Amino acid sequence: MTESILYTSIPHTSQPSKPIKWVLWLVWKMAIATLLLMAIGAATRVMNAGLACPDWPLCYGKVVPTNQMNLQVFLEWFHRLDASLIGLSAIALTGLSWWKKSVLPRWLPWASTFALCLIVFQGILGGLTVTQLLRFDIVTAHLGTALLFFATLVIIGSKLSPYQGTATVGKLKGISVIASILVYIQCILGGLVASQWAAHQCFVGKQLCLVMNSHIIGVFPPTIATLLVIILSWRTPALAVKLRNLTKMISLLLLSQILLGVATFYLHLQVEPLTIAHHTIGAALFGSLVSFSVFASRDGEVSYQ
């Protein structure tokens, strides 16, 4: 038995067409690269490497600054390299979607174009973070746009992936969407804390404690919503296999994120790998919830053998 996809104005087939396979391969590779990009971005901030390359888009006026290369310069340079490769991939995805639009879902070219616009805007924000000397609002917007781009890729990939629903999601669809939004907001609050070094300033000088505390208090709504997704999923015996597997992943990511959050707080953000992991796991949790929401919305689809 094979799974199939329900597409608007696309004939039902037992296997995805070759153009869809190309798009899926490219989209998921881009999503992984974007998650890696956000992890490197977190490392760049934690290691005070945000201005390691004083110019933009080059680094010390070179494509590869071999003479100035150290850990900080490497992090900032590699961050830009990964972003450039993702940008080129977004151009390829958009071009492929419009070129093969006759055999692809009608929404895909527009979704790919939207993703391309996000990555262009993200590049502009990346340049401004350097030229404006890491201004906190620009840095936070840079993170927010990266998460939106990541979510767009996950949505495209989840809508195109083969899926066989069981029409049993019930309230899970709405709750998972709410959980996704709440986790996104919490990530933005975390970005505000990070971009202003609010935790350090609060611990040392009792400044910006309101910013730090907003992130701490803000953990409860997304955690409760995510726990509801997990509990309701496990209480739905006929839930689709893909949703069941995503529930396991979400459970593991949520537990890891809570433990990392507690550890980074009590260690006063002195252990850089923990802080980087906290940022990265948060983004992964957001992406997993977005994927769950898309598959839950597709749960009523008909599968063909």
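Estimate the FRET efficiency between N67 and Q201 by the formula 1/(1 + (r/R0)^6), using the beta-carbon distance for r and 45 Å for R0, to the nearest 0.05.
Numbers: r = 35 Å, r/R0 = 0.78.
Rounded to the nearest 0.05, the efficiency is 0.80.
Under the classification rounded if a/c is under 1.5, otherwise prolate if a/b is larger than b/c and oblate if not, where does segment 97-183 fall, given a ≥ b ≥ c as square roots of the Cα gyration tensor eigenvalues? Kindly include the intermediate steps, with their values, before the conclusion.
Working: a/c = 4.50, a/b = 1.48, b/c = 3.05.
Since a/c reaches 1.5 but b/c is at least a/b, the shape of segment 97-183 is classed as oblate.
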What does the helix-only formula give at 222 nm for the chain: each DSSP H stretch with n ≥ 4 adding -39500 (n - 2.57), the total divided by the residues, and the result rounded to the nearest 500 deg cm²/dmol? -24500 deg cm²/dmol
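Pick out, in residue order, every one of the trypsin sites (Lys or Arg not before Pro) in segment 223-305 that is DSSP loop and has at most 11 other C-beta atoms within 10 Å; say none if there are none.
R235
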Can you give the FRET efficiency to the nearest 0.05 for F220 and L81, using r as the Cβ-Cβ distance and R₀ = 45 Å? 0.75
Given the C-alpha centroids of segment 229-305 and segment 72-129, what is the distance between them in whole angstrom? 25
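Distance cut-off 22 Å, Cα to Cα: go down the list K100/K159; K29/K171; K18/K173; K29/K100; K21/K171 and report the pairs above it.
Numbers: K100/K159 17 Å; K29/K171 31 Å; K18/K173 30 Å; K29/K100 20 Å; K21/K171 31 Å.
Check vs 22 Å cut-off fails for K29/K171; K18/K173; K21/K171.
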Quotient of Cα Rg and 2.2 N^0.38 Å for the chain, N being how many residues it contains: 1.06
Solvent exposure, largest accessible area first (probe 1.4 Å, DNA, RNA and ligands not counted), of S102, S180: S102, S180
Measure nothing fancy, just the Cα-based angle from helix 136-160's long axis to the longest principal axis of the chain, in degrees from 0 to 90, nearest 10. 20
Note, segment 67-81: 3J(HN,Hα) by Karplus (6.51, -1.76, 1.60, θ = phi - 60°), whole Hz, Gly/Pro = x, goes 6, 9, 5, 9, 4, 5, 5, 4, 4, 5, 5, 5, 4, 5, 4
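What does the extension gain come out to for W56 and I185, with contour length at 0.36 nm per residue minus their alpha carbon separation?
On the way: separation 129, 0.36 × 129 = 46.44 nm, distance 2.93 nm.
The span from W56 to I185 would gain 43.5 nm if fully extended.
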At a probe size of 1.4 Å, how large is the accessible area of K159, to the nearest 10 Å²? 70
Expected vector for segment 276-291, Karplus 3J(HN,Hα) from phi with 6.51, -1.76, 1.60 and θ = phi - 60°, integer Hz, x for Gly and Pro, equals 4, 4, 4, 5, 5, 5, x, 5, 5, 4, 4, x, 5, 5, 4, 4
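For segment 17-162, report the translational diffusion coefficient in µm²/s to the nearest whole number, using Stokes-Einstein at 4 °C, 1.567 mPa s, and a Kirkwood Rh over Cα pairs. Before the final figure, lay out each step's value.
Details: Rh = 15.9 Å.
Taking Rh from Cα pairs, D becomes 81 µm²/s.
The values are calculated or read from the model by the stated rules, or taken from the named source; none is laboratory data. The structure displayed is predicted, hence computed values, not measured ones. Here Cβ is always computed from backbone atoms with ideal geometry, including for glycine, and neighbour counts include all displayed protein chains. Remember, those area values only see protein heavy atoms, side chains included, never the ligands or the DNA or RNA. Shrake-Rupley method; radii C 1.70, N 1.55, O 1.52, S 1.80 Å.
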